[in-house]
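Working notes, structure below.
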Amino acid sequence: VIPDVIVNLAGAPIAEKRWSEGRKKTLLDSRIRLTESLFRAIKAKNHRPSVLINASAIGYYGFTTQQACLESGALGEGFAAELCSQWETAAKLFSELGTRVCLFRIGVVLGPGGGALGKLLPVFRMALGGPIATGEQWFSWVHICDLVHLMIEAVHNSEYHGAINATAPNPVPQAIFAQALGKALKRPAKLHTPGFILKLIYGQMAEELLIGGQKVVPAKASNLGFEFEYDNIDAALADITQV
C-alpha cells in the first residue's frame, strides 16, 4: 500500500556531533539522498500522493539574523542553510507528481522525553544551567503539540503549501529562554556557558546552532488562522516540566 499522505522527518541528528566533512556528508545523505530515493520509488509506482509534509529547519535563514524571518525571507549563509536548501529542493520534486508540498521550517522543538530539553533538563535541575554565550541570540521554538497539530492542519487544508515556518509566534532571546526554564524548574539559571568553549568543542556546529540564532515568526500559519496552544515560552515550559 502506497500512502496518500507522506510525512518525511528523516535525517541524522544535526546537533549531536562536531561537523567533520564525514559528518556533513551523513547529514546531507540522510536527508537529500533519502528524499530523492523516496521520490523515485513512488514515481516508479506511478502513484500521486496528495500531500507531502517535509521537514526542513529555520537554519534555512542562516545563523546571525536579527530581523524577523518570514517564509519569503532569503536563504542565509552557512552549512545548515545549504542543508535545508538542498533538502527543500529534493522535496519539491514531488510537485512533478501533482503532490502538494509543504516545507516545514521547524524551530527548536520543546517537549518531554528528549530533544533539546532532554539534554538541558538535568543540567538546569542541578542549578547549573544558564544562557549560552551572550544570551542575546534569538531562540525560535515550538511546543511539540503545536508542531503536530500544525502538520495535521496542513494535511487537511489545501491552502498550506510551500515554505511554512513551524515556530511559536513569540521567539525570545536565549537568555530569556534560560530564565524561563529555570523558573519552571524553580532553579537559578545564571551560569553562562562561554561561546569560545563551545566553539572549541563543537566548531562550526556550535557557531551556527548554539551561538547563532534566528528570529522566526510563523507568518503563513498565523495568516491562515492557526491558533497556537502554547504561544509563550513560560506556558510551554510550565506544561512540559510538569510531565
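The values are calculated or read from the model by the stated rules, or taken from the named source; none is laboratory data. Because the structure is predicted, anything quoted here is derived from the model rather than measured. So basically every Cβ, Gly included, is an ideal-geometry build from the backbone, and we count neighbours across all protein chains shown. Just the protein is used for accessible areas: all its heavy atoms, side chains included, with ligands, DNA and RNA removed. Shrake-Rupley method; radii C 1.70, N 1.55, O 1.52, S 1.80 Å.
Place a point 7 Å from Cα of Leu75 in the direction of its Cβ. Which residues in region 88-104 have their backbone N less than 11 Å from it?
The answer is 88-90.
Pull up all non-local amide H partners of Trp19: gap of 5 or more, or a different chain, and H-to-H distance under 5 Å with H placed in the peptide plane.
The answer is Gln204, Met205.
Which value at 222 nm does the chain reach when only helices count, each DSSP H run of 4 or more adding -39,500 (n - 2.57), with the total divided by all residues and rounded to the nearest 500 deg cm²/dmol?
Using -39500 (n - 2.57) per qualifying helix, the result is -11000 deg cm²/dmol.
Quote the charge dipole size of region 1-124 about the Cα centre in Debye, to the nearest 20; the model charges only the Cβ of Lys and Arg (+1) and of Asp and Glu (-1).
320 debye
Once you've got the Cα coordinates, tell me which of Lys24/Lys119; Lys24/Lys183; Lys119/Lys186 are over 25 Å apart.
With Cα atoms farther than 25 Å apart: Lys24/Lys183.
From Cα pairs below 8 angstrom and at least 6 apart in sequence, can you work out the relative contact order of region 104-214, rounded to a whole percent?
For region 104-214, the relative contact order is 39 percent.
Put +1 on the Cβ of every Lys and Arg and -1 on every Asp and Glu Cβ in region 87-158; which of Val123, Phe104, Ser158 then has its Cα farthest towards the positive end of the dipole?
The residue sitting most towards the positive pole is Val123.
With +1 assigned to the C-beta of every Lys and Arg and -1 to the C-beta of every Asp and Glu, and no other charges, what is the dipole magnitude of the chain about the Cα centre in debye, to the nearest 20?
Computed about the Cα centre, the dipole is about 720 debye.
Share of the chain's accessible area from carbon and sulfur, percent, 1.4 Å?
After summing per-atom areas, the C and S share lands at 57 percent.
Pull up the cross-link candidates among the aspartates and glutamates for Lys45, meaning alpha carbon to alpha carbon under 16 Å and not fewer than 8 places away within one chain.
Excluding near neighbours in sequence, the set is Asp4, Glu36, Glu96.
Please label the shape of region 142-243 as rounded, prolate or oblate, based on the square roots a ≥ b ≥ c of the eigenvalues of the alpha-carbon gyration tensor (a/c under 1.5 means rounded; beyond that, a/b larger than b/c means prolate, else oblate).
It comes out oblate by the Cα gyration axes.
So which aspartates and glutamates pass the test for Lys215, namely a Cα distance under 17 Å, with those fewer than 8 places away in the same chain ruled out?
Glu71, Glu77, Glu136, Glu207, Asp231
State whether region 1-103 is rounded, prolate or oblate according to the following rule on the C-alpha gyration tensor (a ≥ b ≥ c being the square roots of its eigenvalues): a/c under 1.5 gives rounded; otherwise a/b larger than b/c gives prolate, and the remaining case gives oblate.
oblate
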